[in-house]
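Inspection log for the structure reproduced underneath, given as structure tokens.
The values are calculated or read from the model by the stated rules, or taken from the named source; none is laboratory data. Small disclaimer: the values here were computed from a predicted structure and weren't measured. Cβ atoms come from the backbone with ideal geometry, glycine included; neighbour counts cover every protein chain shown. Calculation scope for accessible area: heavy atoms of the full protein, side chains included, ligands and nucleic acids excluded. Shrake-Rupley method; radii C 1.70, N 1.55, O 1.52, S 1.80 Å.
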Amino acid sequence: MSKMIVPLGPQHPALEEPESFTLMLEGERVAAATVALGYNHRGMEKAAESRTYVQNIYLLERICGICSHSHSTCYVQTVEALAGAEVPKRAQYIRALIGELERIHSHLLWLGIAGHEIGFMTLFMYAWKDREIVMDILEMLTGNRINYGMNMLGGVRRDITPEQGQKVLEALDALEERTEYYKNVILQEQTVAIRTLGVGRLSREDGLRLGATGPVLRAAGVVKDIRKDDPTEVYNELDFKVATDEHADVYGRTVVRVTELMESYHMIRQILRQIPDGPLSVKVPNRIPAGEAAARYEAPRGEDFHYTRSNGTDKPERVKVRAPTLANLAAITHMIDGGFLADVPIVIAAIDPCFSCTDRMVRVKDASSGRDDVWNWDKLRQYSIEWHKKRGQDLGYRI
Amino acid sequence: MTSLGKMVPYLFKMMMKKTDTVLYPSVEAKVPDKFRGSLKFCPEKCVGCKLCERVCPADAIVIEKIADKQYKAIVRMDKCIFCGQCVDTCNKDALENTAFFELASGDKASLEVEI
């Protein structure tokens, strides 16, 4: 059978964000797939080096619009470790509360996207309708629907009143009922079963070998969750189970996410019951002592990693971010291989990709000589002009 | 056992309910109490320490001296990310967030405002 190469992206209706997948097709089946990164590079790590620690909270919060609290929490944890600040218990509980509400919002959003990708638009519409409940709660608690701005160095910025806690509990009752309904829909609806069962398989061994993380790995039966393995904040004081599934396909990932929703409701009820009184923050100096620190956080999409190096000034010397999608990207090509072309969008969507979070650094490698060095702006420009000239596109730039 | 049309009964139920969306802008949109909207400046409280300028992650606010112990605040609304860090940082409570959020404008110059 003749082979055909089909590009998917960087701009493609099936992708929410730009990323380039090149698929080699044999009939309807994908024989090989490659992924090219770097279409959404925003230079955030470099920008973080020229901003103060306080300004960076808001910059790094904007790495991702959906798991913004995960990134800002992970970053402030590194700075607090450098400064030796002990975050008050109440602030830790509030951080965990916002973190779990964010997970609910992210997973409900994903459920809608998954419905959209498999052509089950009813699920998409109603999952997003119910997501508004948690968005309203987040807006009430923090002042924003996304990019909550709840973290500060040494604590949180806003307190939670008992009335707000009551409203959260009422919203949780509604959400729990709805999630139970969606769980039944996923388990009993044939549309979901046909489009997801056995699609995008990633076995336990492959998942571990390719470094997958989050619900993708948990759907392959691996019990791995930063909240359990390396508990930060108050997660070691909460009673919860790590949701896993044995299907190891898109169906399994859906089940894991819906089960995680139920666990999050359970955790939020505990948080609101156990939250102690006390101060909201401790003072952290503007100048952070020299040193380096790293932190991990279980974002809705998997393990988020931040590294900060300080040189004793009020600006960090280096900030490094590894978003969960980067860890899952290697697994994508493996999951696409051998599947149908029509299943590619849902397989990509099933890792809950966030490509703009992923693009952190561009490394240019000369394919002919294999040289791998840093290019400055002029050299990059020169290369771009020659690249276009070779293709007969002289843009008339003078060098 | 799986079957088709699991959400159909729910769809019929929802047909009897009124819509969840509101006809904004003809219907007024409600924002919560502590919403971080456009900034408000109290010139009589400002001492010109410019801490808000220094902490702003977006370089959106500038405090200018107009006379002895009198200051004005100029905010670039197109740059402001409404994080409210300036409000939190101000020791004299000279800045506060309001519930106003309808700031869209077709003219970029009009987004640089003295508040």
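One residue stands out in the stretch A:57-85 among those that are within 14 Å of chain B (Cβ to nearest Cβ) and among the β-branched types (Val, Ile, Thr): the one that is surrounded by the fewest Cβ atoms within 10 Å (Cβ to Cβ), namely A:Ile57. The residue list A:Leu108, A:Leu101, A:Leu123 contains one member that is crowded, with 23+ Cβ neighbours inside 10 Å, within 19 Å of B:Asp20 (Cα to Cα) and away from every other protein chain (no Cβ under 14 Å), which is A:Leu108. A count restricted to the stretch B:33-67 and to residues that are in a loop (DSSP other than H, G, I, E, B) and either open to solvent by less than 30 Å² (accessible area, probe 1.4 Å) or more than 11 Å from every other protein chain (Cβ to nearest Cβ) (or both) stands at 16. Among the criteria (1) assigned to a helix (DSSP H, G or I); (2) without any contact (Cβ under 8 Å) to a residue 12 or more places away in the chain; (3) not acidic (Asp, Glu), the one A:Pro231 does not fulfil is (1). Based on this model, can you work out whether A:Asp136 counts as open to solvent by 40 Å² or more (accessible area, probe 1.4 Å) and more than 16 Å from A:Cys67 (Cα to Cα)? Taking the combined requirement at face value, the residue satisfies it.
Of all residues in the stretch A:166-201, exactly one satisfies the criterion of being open to solvent by 10 Å² or more (accessible area, probe 1.4 Å), in contact with a Leu (Cβ under 7 Å, 6 or more places away or on another chain) and more than 23 Å from A:Asp352 (Cα to Cα), namely A:Leu169. Among the residues of the stretch A:3-24, those identified as open to solvent by 30 Å² or more (accessible area, probe 1.4 Å) and free of Cβ contacts under 8 Å to residues at least 24 places away in the same chain are A:Met4, A:Ile5, A:Pro7, A:Gln11, A:His12, A:Pro13, A:Thr22, A:Met24. Taking the conditions (1) open to solvent by less than 80 Å² (accessible area, probe 1.4 Å); (2) within 14 Å of chain A (Cβ to nearest Cβ); (3) on the phi > 0 side of the Ramachandran plot in turn, B:Ala29 satisfies each one other than (3).
Entry remark, the stretch B:68-91: residues being more than 14 Å from chain A (Cβ to nearest Cβ), among the basic types (Lys, Arg) and surrounded by 13 or more Cβ atoms within 10 Å (Cβ to Cβ) number 2 in total.
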